[in-house]
Amino acid sequence: MAGAIWVVAEPRGDAVRRVSLEALGRAAALGGETVAVLLGADAAATAPAVAPHATRVLAVEHPTLADASSTAQARVLAELARTRAPRAILAGATAWGRDLLARLAARLGAGYVPDAVELSAGADGQLEAVRPVLGGRAYARLAFRGDGPWLVALRPNAYPAPAPGAAGTVERLAAPEDLAALPPRVVERKAAAGGPVDLAEADAIVAAGRGVRGPEGFAIAEQLAAALGGAVGASRAAVDAGWRDHAAQVGKSGRTVAPRLYVALGISGAVHHRMGMDTARTVVVINQDANAPFFKHADYGLVGDLFQLAPALAEEIRKLREK
Ligand SMILES: Cc1cc2nc3c(=O)[nH]c(=O)nc-3n(C[C@H](O)[C@H](O)[C@H](O)COP(=O)(O)OP(=O)(O)OC[C@H]3O[C@@H](n4cnc5c(N)ncnc54)[C@H](O)[C@@H]3O)c2cc1C
């Protein structure tokens, strides 16, 4: 199959987000050249984080690109893609990745699959992506046609992060001078409130709902999350009540997550909530109502009072981890 697969890596401090490495691993598994694209003022400084997972690193440098201005980033990527003709361009299905690829798709007139949970090569060599539809009640398999580039935002935790290999070559490019004139401009950055683990990339999430009865009830979710090394999520009812920041909300009008383990404490399991976590690998539900809809979607269900069960579970996990 001709043409490289590019992965636009999302910076995080001196490194990149784990989903960018997961996408690089998947691109390598599909065969051909794997190119990590870095955008920023000093983009090449991040090259050591991606070079062991790519055959080549393209570091495009301009001060405006550092401001995460997706308008400028999409323009630079579109120009680069027109001249170098990659087969596909991937990014993580994060807020940044989805915004960037949507703009890029419009500029290139290219096909775009947001929120893919699977990416494979079809029989004819074209890429095929699987994405949840109808609120996660079904999955659609979509095959790209034509010459590409094909654009795919890959959901975090869909594939494992690859082991490092031989470092790829690094190519540094300067972006066009007039890039600075493009809107929008980032005027301020604020760190999102939340625990030490990022919700989107967490291996384990303990989410709490109205059943925890108030902001203090989230301490129980935090204890269990700490024992599991995971992050804390929330239902919309808990967020609307002001018990947790909206950044923690999982569901249709919140975040989409795909952890290996999802523990729901006092959440009834409305479809709008499940839409945000339907690809979690193992789901544990704790609810005092044996008829709560969430139990139908759980791998393990505990019927009982979360205020007793969750701390007991956290204690057992801590003991197991200390052994
Ligand atoms: C357009 C739209 C978008 C939406 N987007 C979202 C979204 O992004 N995310 C989201 O979560 N919701 C969303 N909703 C709302 C969703 O439909 C539900 O109303 C919401 O998820 C309910 O939250 P909950 O399960 O915490 O509360 P409830 O439905 O009130 O459930 C609380 C649960 O806690 C249990 N419980 C109570 N006490 C205990 C106890 N001591 N021990 C154990 N269990 C206990 C109860 O049995 C109950 O099942 C959306 C709705 C709409 C219309």
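Throughout, read-outs are computed from the coordinates displayed, never taken from laboratory work. Since this is a predicted model, take the numbers as computed values, not measurements. FYI the Cβ positions are ideal-geometry reconstructions off the backbone, even for glycines, and counts take in every protein chain you see.
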In order over the stretch 291-305: 3J(HN,Hα) from phi, Karplus 6.51/-1.76/1.60, θ = phi - 60°, whole Hz, x for each Gly or Pro, gives 9, 4, x, 4, 4, 5, 10, 9, 7, 9, x, 10, 8, x, 7
Rounded to the nearest 500, what is the chain's calculated 222 nm mean residue ellipticity when only DSSP H runs of at least 4 contribute -39500 (n - 2.57) each, over all residues? -7500 deg cm²/dmol
Once both axes come from the Cα atoms, what is the angle between helix 218-228 and the longest principal axis of the chain, in degrees from 0 to 90, rounded to 10? 60
Provide the net charge surrounding Leu38, with neighbours chosen by a C-beta distance below 10 Å and charges set as Lys +1, Arg +1, Asp -1, Glu -1. -2
Helix 95-108 sits off the longest principal axis of the Cα atoms of the chain, rounded to the nearest 10 on a 0 to 90 degree scale, by 30
So if we plug the beta-carbon distance of Asp289 and Ala123 into 1/(1 + (r/R0)^6) with R0 = 51 Å, what FRET efficiency do we get, rounded to 0.05? 0.60
Folded to 0 to 90 degrees: helix 306-322 orientation relative to the chain principal axis, Cα: 60
May I ask for the distance between the Cα centers of the stretch 232-252 and the stretch 207-231, given as a whole number of Å? 12
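With an 8 Å Cα cut-off and a minimum separation of 6 or more residues, compute the relative contact order for the chain in percent. Kindly include the intermediate steps, with their values, before the conclusion.
Working: 732 pairs, mean separation 46.6, N = 323.
Dividing the mean separation by the residue count of the chain yields 14 percent.
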Taking the alpha-carbon set of the stretch 5-181, what are its Rg and Dmax in Å? 15.1, 47
Toward the positive end of the charge dipole of the stretch 5-181, about the Cα centre and with charges on Cβ (Lys, Arg +1; Asp, Glu -1), which of Val37, Ala66, Ala140 goes farthest? Ala140
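Please report the antiparallel percentage of the DSSP beta bridges confined to the stretch 1-72, to the nearest 5.
Details: 2 of 12 bridges.
Bridges in the stretch 1-72 that DSSP calls antiparallel: roughly 15 percent.
Rank the residues Glu177, Glu188, Glu316, Glu128 as a footprinting-exposure proxy: fewest other Cβ atoms within 10 Å of their Cβ go first. Walk me through the numbers before you get to the answer.
Numbers: Glu177 8, Glu188 4, Glu316 11, Glu128 19.
So the ranking, lowest neighbour count to highest, is Glu188, Glu177, Glu316, Glu128.
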Neighbour-count ranking for His297, His53, His62, His272 (other C-beta within 10 angstrom, fewest to most) reads His272, His297, His62, His53
Kirkwood Rh, the stretch 123-179, all Cα pairs: how many Å? 15.7
Of all alpha-carbon pairs in the stretch 52-126, indicate the percentage at a distance above 14 angstrom. 67
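By DSSP, what percent of the beta bridges with both residues in the chain are antiparallel, rounded to the nearest 5? Spell out each step's value before the answer.
Details: 12 of 59 bridges.
The answer is about 20 percent antiparallel.
At 0.36 nm per residue, minus the direct Cα-Cα distance, what do Ala66 and Ala140 gain on full extension? Give it in nm, one decimal, please.
Working: separation 74, 0.36 × 74 = 26.64 nm, distance 3.53 nm.
Full extension from Ala66 to Ala140 adds 23.1 nm.
Restricting the count to DSSP beta bridges whose residues both fall in the stretch 5-181, what percent are antiparallel, rounded to a multiple of 5?
Among the beta bridges of the stretch 5-181, antiparallel pairing accounts for roughly 30 percent.
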Calculated P(r) of the stretch 199-322 - Cα pairs past 19 Å, %: 38
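Looking only at Cα atoms, what is the convex hull volume of the chain per residue, in Å³? Working shown, then result.
Values: hull volume 46.2 nm³, N = 323.
Enclosed volume per residue, from the Cα hull, is 143 Å³.
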Placing +1 on each Lys and Arg Cβ and -1 on each Asp and Glu Cβ in the chain, then taking the dipole about the Cα centre, the residue among Val7, Leu199, Val263 whose Cα reaches farthest towards the positive end is Val263
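Once the piece of chain linking Glu216 and Leu320 is laid out straight, how much longer is it, given 0.36 nm per residue of separation minus the C-alpha distance between them?
On the way: separation 104, 0.36 × 104 = 37.44 nm, distance 2.64 nm.
Result for the pair: 34.8 nm of gain on full extension.
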